[in-house]
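Presented below is the structure to which this report refers.
Values quoted throughout were computed directly from the atomic coordinates according to the rules given, and no laboratory measurement underlies them. Owing to the predicted nature of the structure, the values given are computational and were not obtained by experimental measurement. Cβ coordinates were reconstructed from backbone atoms using ideal geometry, including for glycine residues, and neighbour counts include every protein chain displayed.
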Amino acid sequence: MQPLTRPQPQAFSDRLRARHVAACLAFAGMMGALPAYAAALKEPAPTAAPDPSDSGSDTESNGAPTPAKDETIRFQADKVNYDNDAELVTASGNVVAHRADQSVRADTVTWNRKTGQIMAAGNVRFVDEDGNVLYADHLELTDEFKAGATEDLLFVLHEGGRLAAKSAQRDDAGNMVLRGGAYTGCDVVDSDNCPRHPSWEITAVRITYRASDKMVRYYGAKLRVFGIPLLPLPGLGHTVDFRSTSGLLVPDFRLGSSNGAQIGSTYYWRFANNKDLAVTGTLFTKGLPMITGRYRQLTSNGAFQVTGYLTRSRQNDATTDANGSTVTVGNGQYDWRGYIEANGRFQLDEKWSVTAYGRYVSDRTFLRRYDISADDRLRSSVNLERIDSNSYFSLAGWAVQAIRVNDVQGLVPFALPSLDYRHRYDMPGIGGKLEVEVNSLALTRSSGQDTQRALARVQWDLHRILPGGQEVTFTTLLRGDIYHSSGNSLTTNTLYQGLPGWQARGIATAAIDMKWALVGTLFGGTQVLTPRVQIVATPHIRNLAIPNEDSRSIELEDYNIFALNRYPGYDRVEDGVRVTYGFDWRLDLPGWRISTTIGQSYRFKDQTDLVPDGTGLGAKVSDIVGRTEIRFRDIIKLTERFQLDKNTLEVRRNEIDATIGNHRTYVEVGYMALNRSIPTTYEDLQDNKELLASARAAITRYWSVFGSAVVNLTTKQDDPINGSNGFEMLRHRLGVAYTDGCLDLAFTWRRDYVTTGDVVRGNSYLLSLSLRNIGSR
């Protein structure tokens, strides 16, 4: 098949200077023998309403449209001859013939009024009623501008995309049959209006275009990328206006260590504009086939989708029994394995909505082996919500499937129901805002502790700005809790158990928070220093009598150091009196922004009975926490979050996120180091060090290379049980990509260094392809 482009600029001297195009022709000889009229294609796709000189749409002198279309054929030309005997009209020289919304431009147009045949020759440009443009050397039409035949043509579609062919037939309905044709969604001229090869094209022995639904179908099709035939595409069809239609999708190719080579073929059914189904069959060289299905539907008040995977394969799955011992499930025999996921949201009215999602997998390694998801816990939930300007209501239930190696499913709770209601009131007279909250939760475990709670909270906040510019907030809070629990001894950590049976507690808190923004100049820029101090007082609370379900993971951060309660959730509440102090500082320079937040607190009584010292909250004086951000335009972004030991200033936690570069060439680095020495009996992050790095470098205008890596930097000194040698590669990814706005092509090599069950360490390869106007794979 010959390429899509061949320069022929003479037809468009009114658009491009001939001398400019002639300069391009010197190096465009390889563009082939088909007349693509590439110089004309730099112009945008034709609009639905063509230019009046082309389309023949008439207007009155005042600009108002005429009542009806003029169906007569009108000519504009340098010369028009009429043969009365033969009833033959011959127009030559810059000919424009138009009828209603259609037009023909050519060097010569001959109209036989007896037969109704119109013959156009020389630099032909035909615009049909849909705004599509056909370029050719010769074109035959009826006097209704309907059926016709042509050779060596280029068909530019109104919605984008181009069809070229050696010959074509067009019927009265605008349908076309092209032989020896090709299609591309790419531009075929560069920024200098010079012809260029499209980065991809689909060639075929025969191509049909159906005007009624804008459908293109190929017979004997092949995909060519950079002129190289990649793969045959039997039965290929697509719309040109980006609508989805039923049919086979482009196959998916991968190569990995766990499943070997794989190829997936998808058939897509579009039942209606609001619902569709995609079914994929995937073949593996190291396993039996897998079938995948996805159904989606948009309803009058919402949308939902369901996705499922099913196969039979060997399973060797490391898991944990009820005693916490690691065991192996599966004897290496073939078994049914799969995964199902569903989600949806429905807006019942302006305020009420329902959201639901569910996930379930047959075993712990299925998702990672088939590269579906890296999640290690699958959450399912249903939630009824009501939201307005002053209130929020939620009635929900949720469950979690644990697929971590050390998780015991019987100890993982499910919640039914979970209720939360909040309402905010303005307080006339005394001022401020009053918020009322009611919350209830019931947690049930098949092999563990069961807990139910209900609470009510009233909180009043008054915000004032003093004459000196100080910003002051007064807060009072009253809360009452009722708990009931059973099977408390099944929770191994005694700090989490609480007392069995019914328990109650009351909470009263008063706080004052003051900030004072001080503005000045520094280094030619503007700096803002905002000291802040907060005093919070809460009488003694029976914390240990209450089961701890949602306050187990304690993170002292810059964003919660000034919170009324620095425990997450509801089950643990800080009591006693404490003073929290710190400051925010920001410097704005041309192109630069630097900001820092630092905070620390002092308690009049420690709480080592509730939390270990490594969290930074147990002693009277807390650890120092903070955050620093540095930004330079959109080129440099650096954020560091830290926790410093209150006595030695040793770094307990250090998190760094940095990005340098732009969207084409950049480096991203993420670093996390925890050195808090929290016992393993606590459900909190253990000490570790990890580095995540990724980069992309543009090597030409369209080509780039990219890579990423995850490295475990934990040493035996950091973690004697799970520590590595200080540099343990977990996984990395390297690849090369091409992107030109029409074609996205990438080849990726990924290597995993950890084997878990039947997820085998090793290499995997992926070739991804995305074609404009066609789709991606």
Can you list the lysines whose alpha carbon sits under 26 Å from that of K515, skipping same-chain ones fewer than 8 residues off?
K433, K605, K620, K646
Highest mean first, how do 445-454, 333-342 rank when packing is the count of other Cβ atoms within 10 Å averaged over residues?
445-454, 333-342
DSSP loop chymotrypsin sites (Phe, Trp or Tyr not before Pro) in the range 543-632 with at most 15 other Cβ atoms within 10 Å of their Cβ, which ones?
Y559, F604
Obtain the nm distance between the two label points defined at N654 and T492 by a simple spin-label model: each point lies 7 Å from its Cα along the Cα-to-C-beta direction.
3.2
Debye intensity ratio I(q)/I(0), log10, the range 114-163, q values 0.17, 0.26, 0.28, 0.32 Å⁻¹ (C-alpha model):
-0.49, -1.01, -1.12, -1.27
Using the alpha-carbon centroid of each, what span in Å lies between the range 237-279 and the range 172-201?
24
Per the charge dipole of the chain (beta-carbon charges, Lys/Arg positive, Asp/Glu negative, Cα centre), the residue among L769, L462, C742 reaching farthest to the positive end is L769
Per the rule of 0.36 nm per residue minus the C-alpha distance, extending F414 to I635 adds in nm 75.0 nm
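May I ask you to derive the FRET efficiency for I482 and N647 from their Cβ-Cβ distance with R0 = 45 Å, giving the value to the nearest 0.05?
Computed FRET efficiency for I482 and N647 comes out at 0.65.
Taking the Cβ of V124 as the centre, find all other residues whose Cβ is under 12 Å away and add up their charges (Lys, Arg: +1; Asp, Glu: -1). Display every interim value, and only then the final one.
Numbers: positive: R105, R125; negative: D107, D137, E140, E151, D152.
Summing Lys and Arg as +1 and Asp and Glu as -1 gives -3.
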Can you give the convex hull volume of the alpha carbon atoms of the chain per residue, in Å³?
248
Could you compute the FRET efficiency for R243 and A456, with r as their C-beta to C-beta distance and R0 at 41 Å, rounded to 0.05?
0.15
What is the distance in Å between the Cα centroid of the range 609-632 and that of the range 649-687?
14
Distance histogram in 10 Å bins (all Cα pairs of the range 550-681, percent per bin)
11, 37, 30, 16, 6, 0
In cubic angstrom per residue, the convex hull of the range 648-777 built on its Cα atoms measures 160
From the Cα centre of the range 281-308 to that of the range 726-743, the distance in Å is 27
Lys and Arg at +1, Asp and Glu at -1: add these up for the other residues within a Cβ distance under 9 Å of H138 and post the number.
-4
Under the Kirkwood approximation for Rh and a Cα-based Rg, what ratio Rg/Rh is obtained for the range 601-650?
1.20
Relative contact order (percent, whole number), the chain, Cα cutoff 8 Å, 6+ residue spacing:
6
Running Debye on the range 342-478 with equal point scatterers at the Cα sites and no solvent, what base-10 log of I(q)/I(0) appears at q = 0.09 Å⁻¹?
-0.46
How large is the charge dipole for the chain, taken about the Cα centre, if only the Cβ atoms of Lys, Arg (+1) and Asp, Glu (-1) carry charge, to the nearest 20 debye?
1460
